[in-house]
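Scroll down for the structure; my scribbles are underneath it.
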Amino acid sequence: LVYMISYEPLWNTLKKKNRSTYYISHNGFLSRSIIHKLKHNEVVTTKTIDTLCNILDCNVEDVMIYIKD
């Protein structure tokens, strides 16, 4: 079995909140390298998740989902 965290909900949340990755990086919330990691479902810290939830005013499940394959 493969277990994975997917950040697919983040892209829907960004669209729903009328925000972009440019907005997140340009305003100094997260670096482009962290956004790259999110786009490729790579490991990020809980601080990153906390930052996203804070700036998007959303819950963790609006940013990531656990997938059991």
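The values are calculated or read from the model by the stated rules, or taken from the named source; none is laboratory data. Not measured: the values here are computed from a predicted model. No Cβ is skipped: glycine too gets one built from the backbone with ideal geometry, and neighbour counts run over all protein chains shown. When the accessible area is computed, the model is the full protein with side chains, heavy atoms only, and any ligands, DNA or RNA have been set aside. Shrake-Rupley method; radii C 1.70, N 1.55, O 1.52, S 1.80 Å.
Observations
- Enclosed volume per residue, in Å³, of the convex hull spanned by Cα atoms of the chain: 78 Å³
- Residues of the chain: accessible area per residue with a 1.4 Å probe, Å²: 70 Å²
- Virtual spin-label span in nm between Asn27 and Asn54, 7 Å along Cα→Cβ: 1.3 nm
- Full extension of the chain between Glu42 and Ile65 gives 7.0 nm of extra length, using 0.36 nm per residue less the Cα-Cα distance.
- Counted residue by residue at 0.36 nm each, then reduced by the alpha carbon distance between them, the extension gain from Met4 to Arg19 reaches 2.9 nm.
- Restricting attention to region 13-69, the count of lysine pairs at 8 or more positions apart or across chains with alpha carbons under 18 Å apart stands at 5.
- Sorting Arg32, Arg19 by solvent-accessible area of protein heavy atoms yields Arg32, Arg19, largest first, with a 1.4 Å probe.
- Carbon/sulfur fraction of accessible area - the chain, other protein chains in place, 1.4 Å, %: 52 percent
- Computed 3J(HN,Hα) for region 34-40, one whole-Hz value per residue from the Karplus formula 6.51 cos²θ - 1.76 cosθ + 1.60 where θ = phi - 60°, is 5, 4, 4, 4, 4, 5, 10, glycine and proline marked x.
- Other-chain or far-sequence residues with amide H under 5 Å of Asn41's (modelled H): Tyr7
- About its Cα centre, the dipole of the chain is roughly 240 debye, where the only charges are +1 on Lys and Arg Cβ and -1 on Asp and Glu Cβ.
- Thr51 - accessible surface, heavy atoms, 1.4 Å probe, Å² rounded to 10: 30 Å²
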